[in-house]
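The values are calculated or read from the model by the stated rules, or taken from the named source; none is laboratory data. For clarity, every value in this text was computed on a predicted model and none was experimentally measured. Positions of Cβ are generated from backbone atoms using ideal geometry, with glycine treated the same way; all protein chains shown enter the neighbour counts.
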């Protein structure tokens, strides 16, 4: 399996373009310079009223065929000034 981490940020208008049939693919760049093209439909579960925004791990097989996409959960910042 191959794993690639990418940041995807799409506005609600860009998501609407998909529903109107204007867009079928999303292209994202990984920090290491790799480019990933994936079908928009794999992002359905990540759509909010504001669009799509987050870091994702894309898993492919050895032939680079899409297998899965998962959101990278970010932890909220801790308040270091809080009293114990």
**Of all residues in segment 46-67 being in contact (Cβ under 8 Å) with a residue 40 or more places away in the chain and either closer than 11 Å to residue 1 by Cβ or assigned to a loop (DSSP other than H, G, I, E, B) (or both), the one that is farthest from the chain's Cα centre (by Cα)** = 62
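In this structure, is residue 66 at pLDDT 95 or above and either surrounded by fewer than 10 Cβ atoms within 10 Å (Cβ to Cβ) or in contact with a helix residue (DSSP H, G or I) (Cβ under 8 Å, 6 or more places away or on another chain) (or both)?
Answer is no for this residue.
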**Request:** With respect to residue 36, determine if the residue is touching a helix residue (DSSP H, G or I) at 6+ places or on another chain (Cβ under 6 Å) and surrounded by 10 or more Cβ atoms within 10 Å (Cβ to Cβ).
**Result:** no
